[in-house]
Every structure is written in C-alpha cells, then in structure tokens.
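**Q** The structure follows.
The values are calculated or read from the model by the stated rules, or taken from the named source; none is laboratory data. The shown structure was predicted, so the numbers you read here are calculated from the model rather than taken from an experiment. Heads up, the Cβs are rebuilt from the backbone with ideal geometry, glycines too, and the neighbour counts pull from every protein chain shown. Surface accessibility is based on the protein's heavy atoms, side chains included, excluding ligands, DNA and RNA. Shrake-Rupley method; radii C 1.70, N 1.55, O 1.52, S 1.80 Å.
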Amino acid sequence: MSTFLYKLGKQAYDKSWYFIAGWIVILGIVIAMLGINGMNVSSEMKLEGTPSQKVLDKLEQALPEASGGQASVVFTAPEGERLDTPERLTAITEAINKVYGLDYVINPAELAAAAGNAAAQGDPSQAGSAQGGDAAGTAGAAPAEMPPYGPLIVDGMPVPGMLIATDGSVGLFQFQFTVQQTSLPAGVADSVVEAVEEAASGTGITALPSDSLKTPDIPIGTNEIYGLVVAVIVLIVTLGSIVAAGLPIVIALFGVGIGVGGAFAISSFVTMSSVTPVLALMVGLAVGIDYALFIVNRQRRLIFDQGLSAREAASRAVGTAGSAVFFAGLTVIIALCGLLVIGISFLSMMALVASVTVFLNVLLALTLLPALLGLLGERICSVKAREKSRSKSSGKQHGIADGWVKGIVKFRWPAIIAIVLVLGAAAIPAAEMEMGMPSGATANLDTSQRQSYNAISEGFGEGFNGPLLIVAEPKDASGTIAPQSLMALVQDIQKVENVSVVSPLGMNKEGNIAILSVVPKTGPTDSETKNLVKDLRAADSTIAETHGVTLGVTGFTAINIDMSVKLAEVFPIYIGIIVILSLIILLLVFRSILVPIKATVGFLLSVLATFGMSTAVFQWGWFNELFGFDTGGPIMSFMPIMVTGILYGLAMDYQVFLVSSMRESYVHGHQGSQSVIHGYSQASRVVVAAAIIMVAVFAGFIFTHDIMIKQIGFALALGILIDAFVIRMALVPAVMALFGDKAWSLPRWLDRMLPNLDVEGDKLIAELKASEEAAALPQVRVANQ
C-alpha cells in the first residue's frame, strides 16, 4: 500500500496541473449539474415496514383521498379580544374558502362523498384530515365532559375543518392535501400561506401556519464560519506557515464542494432530507482538513528531520501518512455504510452522501494535495523555518507532550481508574434518555412553531398537536363494517384511557375500511401517548375482540413513535456490525489483538459519556441558554445511531494516527514504555491540532436554529473532545504502557495469515534505501579507481 501511494504521490507532484485540472473539471461538472437541476430538499422521513407506514400504504391504495398530507393554521386574537367578531369571521371564512378552492386541497364534503360516509355528508364538519385527524370532526362522539371548544358557526352552519375555543381567543383550521406535502407542486403551500396571512392582515389576527406548509430550508448559517476560522488559526500555529495552513482548507472545500454539491445536484431525483447535506458538510469539512493536515505535517517533518527535498518528502508523506489516511477514511466509510443494513431510506441517504464526501476527501488528500505541493515546491518550507527546526533539534528541547505522556506512563493505574470513573459518571444520564422527534413543545418560545403549539394546547388541549389516524378493518377478510358498528366502535374507543376525542372520518366504498381520528389527552412526545398507540394496535385488546376488527394507527405522532422503536431495535445490530468490521481493519493495520480491543472499549466509554451529557443538556435542559434553546425535550430518534457511526469512524482516525506512530517507534527499535513515549511525542501535536479543528467545525453547528442539527453538532463536538483528549491522549498511552511490548503480540499462525499492509512504510523505506545504495555504488567504484 505505502509503495503504491508513494508512486501516486510522486506522479501527482511531478504532473501537478494534470491532477489539478482534473479535479477542477469534476467540480465544474457538479456546479453545472447543480445549476441545471437545482436543489430540492424534503422534510419527509419515510419508514418502510413500520406499522404506521403500512397503514398509509394501504390507505393510498384503498382510499387515496385519505392518504394525503395534513396541514393546519392557528388563528389567535390579541389578548383580551375574540376571533368571532363579524369582521374577523368574514376574513377567516374567506381564507378557508380560498384554501378549499385550491388545487390539491381536499374539501371535507368531497372527502365524505368519496368515502361514502352518509353521516359525514350530512354534516361537513364531521369530515376532515385523515392523516393526523381533524379536530373539526369532534361532534361524531362527544366527550363525557363538555370541551372548551366547538365548531366555528357562521350563518348557522359549522365552517368545515375549523374549531374555535370557547373564549374565542384561538381558532384551529385543519385540512388535507390530495398528496403528501413532498409531492405537492411548487407554489401550492405558498398559496395556502398567502390566503391565511391575507385574512390576518388588517384584522389584528395572528396566523400561524404549521411547519408542513413551510418550504424545508437547509439549516446552514454564518455560525459554521467560526469553526473554519478556528481551524485556520490552529493550522497556522501547527504548521507555522500561512501557505501550508491554506492547503488543508482548500482540500476540505473541494471535498465538500463536490460531495455536498453533488448531493444537491441529484436531490431532484431522490428524496433527500434537509439534514443530509448538512451532515455531509460537517463530516466533510472535519475529515478533509484533518487528512490533509496529517500529510502536510509529515512532509514538513521529513524535510526538517531528514533534510529531504520537498518532492521526496511529499512522496514519502503520501506513502506513509497517506496509508494511515486511507485506512482511517475506510473505517469512517464502513461505520457510515453500516447504516444501510437498517433499511431506513432517509438514514441510508444520509450515510451514502456522507460516505461519498469522506471518500472524496481521501482521494483529494492522496492526489490533489501532492499536486498542490508540487506547485509550491521548496517554498512549502522557508529557509528560516528550516534553520529554526535545526536549532530546536540540536537543543534537544522536550515539549509539553513529552512531559504529559511521561506522567501518564508513570501514573498509569491512577489515570486509568480516574478516566473510567469520570466517564462512567458522565454516562449516567443516558440511562434516562427518551427518544423522539422535535416538536413545537420544545421549539424556542419566539418561534411560530412554539407559539402555535402553545395556542393549540391552551385552546383545545395538548393532544390536538398530535392527533392519531385510526384505520379499522374487519378481521374477516370478506367482512364489512356497518355504520351502526362503526359508531359503537367510536364510543368504545372514546372510553379508552387518555383518549380525548374520537371522530369518524369516513369509509371506503366497499365498506371494509373505516377511518377514525383520535385525539389523545397528552402531547405527541409524552409516554402516555406512546402507550395509547400501543394499546390501540394490540390485536388481543378488548376493543379488537369485541368488534372483530384490527386497528391500525398512523399519523405524524405514530410515525415518530415507530421511528424511535425501530431505531432502538436495530441499534445493537448496527453496533455489532461496525465493531466487527472495524476490529478486522484495525487488526490488519496494527497486527495486534489487544490494540483493536482497547480501541473499541475506549470508544464505548467516550460514546456513553457523550450520550449522557447530551441527555443532560437537551433533555434535562442543562446550560440551555448557553447553547441557544429554552426548553428541554426528547433526544432526536436517529441521533444516537448516526452519531455512534460517525464518532466510531473518527475515533478510529485518531487511534490509527497515534498508535501507528507508537508502532513505528516499536518497529524501529524502541522497547516497552519508550515506544509509547517516543511515538506519542512524535504524533500528539498533530493529533491534538486535528482534534481541535474537528471540535471547532462541529461546534459551529451547535448554534444553528435547527434543533436536530444542534443536537448532532453538540454530540459530535463533545464526543471528539472526549475521545481525542481523554481516551486517545490519556487512556491509550496508559494502557499501552501497562502492557508494554505484549501489546504488539500476535499468534504466529495469525501473523502468517494476515497480509502486511505496511502502514508504517517500512517496506517503502527499505526499498528506497536499497535504491539509494544501488545508485551510490557505481560512484564509489569510480572514486576508488
């Protein structure tokens, strides 16, 4: 591997413009595709095979009109005033009529006619949004207590889909599209928002459209630039040159430009969530800078320590440090691609885009970077810098790293015990982690999402923020559901604990599928709501047995619940896959059994501590003001599994770079603790710099407005901080010193089986020395003659 990369690096160095031009052409193609196809991100997170998705798929076939996306608008009056004044009623009614007159918006009367529900046809207020339910249909089964709301009455008739609180302060308008929001033509949602905002203007009303009516944005702002600024400063300090510091930035920008730009370029043809490109941007910037830093730093060391030319040093750096970069990148890609086995499409897309971006950064570090170094030539290190390095070497100065590692090695047992205890304590909150999806309940107080959630909760009850859609089918495949049986079913469901309102929405023409709306008493992310979904789905429940039906539950709330359940089920499988594959890679790289096991145990400590602190911050609300949010809530469902994959890959990066340096010292004659100390002193400076850069890049995403990106950025920044500075910089040298040379032992039979990947570049160095000796031999003979 090292020999091949050495030749590749020399080729790129010598023919710089060929490689540079090639990458510029690729970037140009991506930009052109982006200009032609545009960007199209979605908020859809489809979960194939889950109970809620199966119900939606069945509805789409049996009753397409009921399977479209749902949206809502909350109208609020100024404090102390009412919505039901003549002027405001006229404005609201006109807005609702405009909405129902738009293409792709279902009029409740039309839905009732399509469903064949005579009762709903007689009273349009009975029909409403099938996906998620429509609060306007509450008259179908009156609760035991009179609710603090009712249908909005205009000219003696209820306004379809509209509820108003008894005190007149807030109104809720819910309606349904004929298709999912992701399939709506451009401009439909904007027309809805324009209609309701027109009603609000000049009347003192505030209109708060639901998030489903907003065009998904890409949650990237100016805060991410701060991470890049920190990265530039660290690079300048580490490399001692502005020119050299600029190279890793160029490589990273090329990588994310092609990777993220390419993802956007194909986003019109595949479903891509708004989180996908941001995740690729995070990871791409971090690894792009780090991988290039390792190679540039190795080149400078070879120039300073061995007096090599810039050309030879660049080629050897690609051959040695480039091998570590290759296997580090491979570990990250494997960890990300492990998400593909889960079978969740939006997670698979995230993993693929991020993996491709990492792969591009590896290729760029091995080809474009030496090409750029070829353009710079000997200017990569000034004469002043070379003289300064020689004076440092002659002075035999020992830095902070040398003193630190010697202290860790001397007090290895106290260090190991202290690290395990501290990280174990930090992991304790993870035992109480609750997973879910962000909702209006946890949005910041100054957002329309939170204001809408609060207005609905106060006017109608918290459950109206997450109604459930129930699909009832007879257990007998040839059976039907009579209208009287349907009403009896409604009444029994109404009696279930935690049910606020049940409304019949319609039935298909065959009479074998009935649709109900169920509004819980509790909010979408409450555990009581999760229990209600579970109870309604139970095939052996009293209701199912009494009425001979099977109840399916879907809607946004049920979908989010299913997402949490499925991700929790596959999480252990995912961990097992990436750990086994990565152990194999580390076994090949280090030719040791102990080192891969130690690396994995250290990672588990760091990731558990990361999840513990993430729970304390985002669920319990610790330091919430510092991180820019005001209400704690559940941890995002896919955050743990996504962060675990990325952190594992990145943690192994530092493992590879640090421990390969220790192994190199061991191979070159240092024994026992001396190999640990020498290898640590050689690699720690650049590993610390790389970790600071990565933490800074991830931390820049903590202060975005999007809570999903905020949680991911925090977990990645904290995880890298813990893993790099606690695990790799302290626990690793302590454990390596504890085992000494035994850390590198390998059974002979296994040693014979494993290929020698030559990550340290020993074969390469031997070949180069042999070539130099062969070239020098004729000159010696001539001199002797």
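**Q** Kindly provide the pair-distance distribution of the stretch 576-661 built from C-alpha pairs, with 10 Å bins from 0 and whole-percent values in order of increasing distance.
**A** Whole-percent P(r) values from 0 Å outward: 16, 40, 24, 16, 5.
**Q** What is the extension gain from SER309 to GLU528, computed as 0.36 nm multiplied by their sequence separation minus the C-alpha to C-alpha distance, in nm to one decimal?
**A** Here the answer is 71.9 nm.
**Q** Sticking with the crude label model, points 7 Å out along Cα→Cβ, report the distance from TRP413 to ASP540 in nm, one decimal please.
**A** That separation, rounded to one decimal, is 5.5 nm.
**Q** Another one. ASP446 accessible area, nearest 10 Å², 1.4 Å probe?
**A** Here the residue's solvent-accessible area equals roughly 130 Å².
**Q** Sorted by accessible area with a 1.4 angstrom probe, largest first, how do TYR6, TYR574 fall?
**A** Per-residue accessible area, sorted high to low, gives TYR6, TYR574.
**Q** For the Cα atoms of the chain, what angle does the longest principal axis make with the long axis of helix 86-100, in degrees from 0 to 90, nearest 10?
**A** Between helix and principal axis, roughly 60 degrees.
**Q** Right, here's the next one. Sorted by accessible area (1.4 Å probe), largest first, how do ARG379, ARG82 line up?
**A** Working: ARG379 170, ARG82 100 Å².
The ordering from most to least exposed comes out as ARG379, ARG82.
**Q** Please list VAL250, VAL697 in order of solvent-accessible area, largest first, computed with a 1.4 Å probe with all protein chains present.
**A** On the way: VAL250 55, VAL697 5 Å².
Ranking VAL250, VAL697 by accessible area, largest first, yields VAL250, VAL697.
**Q** If one takes the longest principal axis of the Cα atoms in the chain, at what angle in degrees, from 0 to 90 and to the nearest 10, does the Cα axis of helix 448-459 lie?
**A** Long axis of 448-459 versus the principal axis of the chain: about 40 degrees.
**Q** With every protein chain left in place, what is the accessible area per residue of the stretch 395-547 in square angstrom, probe 1.4 Å?
**A** Details: 7540 Å² over 153 residues.
Per residue, the stretch 395-547 has 49 Å² of solvent-accessible surface.
**Q** Let me ask something additional. Placing unit charges on C-beta atoms (Lys and Arg positive, Asp and Glu negative, everything else neutral), compute the dipole magnitude of the chain about its Cα centre in debye, rounded to 20.
**A** Here the chain has a charge dipole of around 5160 debye.
**Q** What is the distance, in nm, between label points placed 7 Å from the Cα along the Cα-to-Cβ direction at MET753 and at ALA425?
**A** Each label point is offset 7 Å from its Cα along the Cβ direction, giving 4.4 nm.
**Q** I've got another one for you. Only four residue types carry charge here, +1 at the Cβ of Lys and Arg and -1 at the Cβ of Asp and Glu. Report the dipole size of the stretch 474-553 about the Cα centre in Debye, rounded to the nearest 20. Mind showing how you got there, number by number?
**A** On the way: 7 positive and 9 negative charges, 34 e Å.
Computed about the Cα centre, the dipole is about 160 debye.
**Q** Please give the FRET efficiency for ALA766 paired with SER345, using the beta carbon to beta carbon distance and R0 = 56 Å, rounded to the nearest 0.05. Could you put the intermediate results ahead of the total?
**A** Numbers: r = 49 Å, r/R0 = 0.88.
Calculated value: 0.70.
**Q** Mind giving me the FRET efficiency for GLU432 and GLU197? R0 is 41 Å, r the Cβ-Cβ distance, nearest 0.05 is fine.
**A** It comes out at approximately 0.50.
**Q** What is the gain in length, in nm to one decimal, between GLU510 and ALA774 on full extension, counting 0.36 nm per residue of separation less the C-alpha to C-alpha distance?
**A** 86.1 nm
**Q** Using a 10 angstrom Cβ neighbour count of at most 11 plus a DSSP loop assignment to flag exposed GluC sites (Glu not before Pro), which longest range of the chain is free of such sites?
**A** 146-496
**Q** Heavy-atom accessible area per residue, the stretch 558-623, 1.4 Å probe: how many Å²?
**A** Numbers: 2310 Å² over 66 residues.
For the stretch 558-623, the per-residue accessible area is 35 Å².
**Q** With the contact rule set at Cα under 8 Å and sequence spacing of 6 or more, what percent relative contact order holds for the chain?
**A** 20 percent
**Q** Which value, in Å² and to the nearest 10, is the accessible area of ASP535 when all protein chains are kept and the probe is 1.4 Å?
**A** In the full protein context, ASP535 sits at about 90 Å².
**Q** Project the alpha carbons of the stretch 331-474 onto their principal axes and report the range along each, largest first, in whole Å.
**A** Dimensions of the stretch 331-474 along the principal axes of its Cα atoms: 84, 47, 39 Å.
**Q** Bin all alpha-carbon pair distances of the stretch 590-729 at 10 Å intervals from 0 and give each bin's fraction as a whole percent.
**A** 12, 38, 28, 14, 7, 1
**Q** Here is a further query. Calculate, for GLU458 and ILE36, the FRET efficiency according to 1/(1 + (r/R0)^6) with r their C-beta to C-beta distance and R0 51 Å; round to the nearest 0.05.
**A** For GLU458 and ILE36, the calculated efficiency is 0.60.
**Q** Between ASN624 and ILE233, what is the spin-label point distance in nm, taking each point 7 Å from the Cα along the Cα→C-beta axis?
**A** 3.0 nm
**Q** Please list, or write none, the lysines whose alpha carbon is within less than 21 Å of the alpha carbon of LYS598, excluding same-chain residues fewer than 8 places away.
**A** Qualifying lysines at Cα under 21 Å: LYS406, LYS410, LYS742.
**Q** A further question on this structure: Positive end of the dipole of the chain, charges at C-beta (+1 Lys, Arg; -1 Asp, Glu), about the Cα centre: which of VAL519, MET487, ASN297 has its Cα farthest in that direction?
**A** ASN297
**Q** Using only the alpha-carbon atoms, how far is helix 483-494 inclined from the longest principal axis of the chain? Give it as 0 to 90 degrees, nearest 10.
**A** So the helix axis and the longest Cα principal axis differ by about 60 degrees.
**Q** In Å and whole numbers, how far do the C-alpha atoms of the chain stretch along each principal axis, longest first?
**A** For the chain, the Cα extents along the three principal axes come out at 118, 51, 49 Å.
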